[in-house]
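Mind looking over this structure? Questions follow.
The values are calculated or read from the model by the stated rules, or taken from the named source; none is laboratory data. Every value quoted in this text rests on a predicted model; they were computed, and no experiment measured them. We place every Cβ from the backbone using ideal geometry, glycine too, and count neighbours over all the protein chains shown.
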Amino acid sequence: MGATYGKTDKPEPEMPNVLELYPNNGLVFNDWFLPPEVVSHILTFFEPTLTARRVCRAWRDMVDTVVIREKICREVPGANILLFQHENLEWQDFYLFWSRKPYMKNKNLLKNGSAEEQLQHWSVRSSRYGGNGTKWIVESEPVGCDPFPAGARKCFATSFDWCSAEQLINLCEFGLSIPFMKNVRPNIHIEEWYAGRFDCGSIYSLKVSLLNSSLEIIDSFAFETTNHGSEWSKVEHVFSDYQGSVACILFHHKGKDTQFWAGHYGSKMTGGKVYISLPNRLPNNTNR
């Protein structure tokens, strides 16, 4: 009788659990045992972190807890152990925050805030006379006003009717997950420079709104001024200890002149910036 191929009634042997056979897996190097505390500290200097996480279960657990915690406390200004005591935050929230680095000193969450790329990244609202925002222009040299403030090379300039533009910032894109924003509530800093002309009055307006995932307003800041001078001024605001689950930031600025002159005699703006910092006192109420 020939051999029988295919499925038989004999059960397949189970694969041995490597971690059960070798309980020190991930802790033995060239037959030398290293305590988990030593290995986890070494892993804080290892890049990329996610690759280390895939090596074994022991390394995965260390990356999810000690490694990410040490990296953040070492690199992020204002971070301390209290940051990791929120039950509603997972290691992914901390990893995104650390890997995307929204806390870096010069990290601007607002794209093209100084008109370096013309009107890219901005949604331009239609005006009554300009149609689709054709009244906006970008100036490489500020006309009719003082030189640019430090760091600026270009500015937006407005006309005789409202020139209006907005930008929606998706915080998750920068490593700020909704659970992180809800439980940690980092400070959100807003700033922009504005100026008028020496020969014509102008109006400058800024409104910044914090939105949830349904684009409903949680908090907002509004500023408007009538400017009759050519000096640059800066508007600044800090959102702190806000409530709700912030998912996006809507940055909306607009301007025009006060005398309805043909041309671009309205307000100018540059140096728009949105950045975050950890609060001095981390919130301890995770249900708020």
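Can you tell me which residues in the range 47-80 are in contact with a Cys (Cβ under 7 Å, 6 or more places away or on another chain) and surrounded by fewer than 14 Cβ atoms within 10 Å (Cβ to Cβ)?
Of everything in the range 47-80, just one residue is in contact with a Cys (Cβ under 7 Å, 6 or more places away or on another chain) and surrounded by fewer than 14 Cβ atoms within 10 Å (Cβ to Cβ), namely Asn80.
Continuing with this model, one more query. Evaluate the range 173-182: report whether one residue or more is under 21 Å from Gly271 (Cα atoms) and either of a type in the set (S, T, N, Q) or part of a strand (DSSP E or B) (or both).
No, because not a single residue in the range 173-182 is under 21 Å from Gly271 (Cα atoms) and either of a type in the set (S, T, N, Q) or part of a strand (DSSP E or B) (or both).
Given the criterion assigned to a helix (DSSP H, G or I) and either in the same structural domain as Ile249 (by TED's automatic domain parsing) or closer than 22 Å to Ser245 by Cα (or both), identify the matching residue among Tyr95, Tyr103.
On the way: Tyr103 fails: assigned to a helix (DSSP H, G or I).
Among Tyr95, Tyr103, only Tyr95 is assigned to a helix (DSSP H, G or I) and either in the same structural domain as Ile249 (by TED's automatic domain parsing) or closer than 22 Å to Ser245 by Cα (or both).
Give me the pairs, please: first residue somewhere in the range 180-202 and under 12 Å from Lys234 (Cβ atoms) and in the same structural domain as Ala157 (by TED's automatic domain parsing), second residue anywhere and among the charged types (D, E, K, R) and surrounded by 23 or more Cβ atoms within 10 Å (Cβ to Cβ), beta-carbon distance under 9 Å, and either six or more positions apart or on two chains.
Hits for this filter: Trp193/Lys268; Tyr194/Lys268; Ala195/Lys268.
All but one of (1) surrounded by 19 or more Cβ atoms within 10 Å (Cβ to Cβ); (2) small (Gly, Ala, Ser); (3) assigned to a loop (DSSP other than H, G, I, E, B) hold for Ser40; state the number of the condition that does not hold.
Among (1) surrounded by 19 or more Cβ atoms within 10 Å (Cβ to Cβ); (2) small (Gly, Ala, Ser); (3) assigned to a loop (DSSP other than H, G, I, E, B), Ser40 violates only (3).
To continue, here is another question. Return the only residue of Glu191, Glu231 being of a type in the set (Asp, Glu), surrounded by fewer than 20 Cβ atoms within 10 Å (Cβ to Cβ) and not in a strand (DSSP E or B).
So the residue among Glu191, Glu231 that is of a type in the set (Asp, Glu), surrounded by fewer than 20 Cβ atoms within 10 Å (Cβ to Cβ) and not in a strand (DSSP E or B) is Glu231.
Another question about this same structure. Check whether at least one residue in the range 154-162 is outside any helix (DSSP H, G or I) and farther than 12 Å from Gly255 by Cβ, and report yes or no.
Going residue by residue through the range 154-162, those that are outside any helix (DSSP H, G or I) are 154-162.
Among the residues that remain, those that are also farther than 12 Å from Gly255 by Cβ are: 154.
The answer is yes, given that some residue of the range 154-162 is outside any helix (DSSP H, G or I) and farther than 12 Å from Gly255 by Cβ.
Here is a follow-up. Looking only at the range 45-54, decide whether some residue is touching an Asp or Glu at 6+ places or on another chain (Cβ under 8 Å) and either closer than 24 Å to Cys172 by Cβ or outside any loop (DSSP other than H, G, I, E, B) (or both).
yes
Which of (1) closer than 27 Å to Glu191 by Cβ; (2) surrounded by fewer than 20 Cβ atoms within 10 Å (Cβ to Cβ); (3) at pLDDT below 95 does Phe84 not meet, given it meets every other one?
Evaluating Phe84 over (1) closer than 27 Å to Glu191 by Cβ; (2) surrounded by fewer than 20 Cβ atoms within 10 Å (Cβ to Cβ); (3) at pLDDT below 95 leaves (1) as the failure.
I'm trying to understand the selection: among the residues of the range 237-251, which are in a loop (DSSP other than H, G, I, E, B) and surrounded by fewer than 19 Cβ atoms within 10 Å (Cβ to Cβ)? Don't jump to the end; show me each part of the working.
Narrowing the range 237-251 to residues in a loop (DSSP other than H, G, I, E, B): 240-247.
Result: Ser240, Asp241, Tyr242, Gln243, Gly244, Ser245.
Within the range 196-232, can you find the residues that are over 23 Å from the mean Cα position of the chain (by Cα) and closer than 15 Å to Lys254 by Cα?
Taking the range 196-232 first, the residues over 23 Å from the mean Cα position of the chain (by Cα) are 196-205, 224-232.
Gly196, Gly201, Ser202, Ile203, Tyr204, Ser205, Glu224, Thr225, Thr226, Asn227, listed by residue number.
If we scan the range 101-116, do we find a residue that is within 20 Å of Gln167 (Cβ to Cβ), modelled with pLDDT under 85 and surrounded by 17 or more Cβ atoms within 10 Å (Cβ to Cβ)?
no
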